[in-house]
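As structure tokens, the structure follows; a few thoughts come after it.
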């Protein structure tokens, strides 16, 4: 079964600070986005990796790729142009994925550099069984529902936090993106759900964090040093 990883790094990443977008900032010996590329390649070297970048950063990427450690330059990636939103970037990346019925595609945010081979493998297996699957972790904080009339406590056991990679039958997610109004959708499961598909959950990890601001970068560095 052919597998494709669409790694979304199309944003400008301004909130993380620094002179370059967060996905290009160094974590250890490589740019942040490369940790995700490495993980998918190490989980299965036959996985075809599609990297979605803002078109204004293609030249920057050429320079960064040339400066990767020698062992990493053997990993091949295909570039795709990012769009005005995450959803548009994913749609663009999916254009590089064929409609083959037995193909799978994982959509992953480059801003989650602590993705592991184990989570990726669970995602592929869950998508084979269910067609559409996303990683999730339990809520540990108390949460409240906020509305115009005020706010009220809700049971955290009824909610989970959703992560990436979100994994699908290629034909399912491509068809869903071609049909959906993606204007207000923030993840791929929402697009698939809007097209009438049920979403299965598989175990994510509390360490599979999303890097957003400068403090997150420091935390990610600490965790990578701890686990590597």
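At full extension, residue 201 and residue 216 could sit 2.9 nm farther apart than now, given 0.36 nm per residue minus the alpha carbon distance. Considering only Cα atoms, the convex hull volume of the stretch 3-227 works out to 140 Å³ per residue. Each peptide in 155-165, 30-40 gets a packing score, the mean of other Cβ atoms within 10 Å over its residues, and the list from highest to lowest is 30-40, 155-165. Given R0 = 30 Å, the distance between the Cβ atoms of residue 96 and residue 117 translates into a calculated FRET efficiency of 0.85.
DSSP finds beta bridges in the stretch 1-155, and of those with both partners inside it, around 30 percent are antiparallel. The P(r) of the stretch 128-211 has a tail past 22 Å containing 39 percent of all C-alpha pairs.
Residue 20 to residue 179: FRET efficiency via 1/(1 + (r/R0)^6), r the Cβ-Cβ distance, R0 41 Å, to the nearest 0.05?
Using R0 = 41 Å, I get an efficiency of 0.70.
Remark: the residue 72-residue 193 segment gains 39.9 nm on full extension, using 0.36 nm per residue and subtracting the alpha carbon distance. With 0.36 nm allotted per residue and the present C-alpha distance subtracted, the residue 84-residue 58 stretch has 7.8 nm of extension available.
Each reported figure results from applying straightforward, stated rules to the coordinates on display, with no laboratory input. If you're wondering where the values come from, they're calculated on a predicted model, not measured in any experiment. No Cβ is skipped: glycine too gets one built from the backbone with ideal geometry, and neighbour counts run over all protein chains shown.
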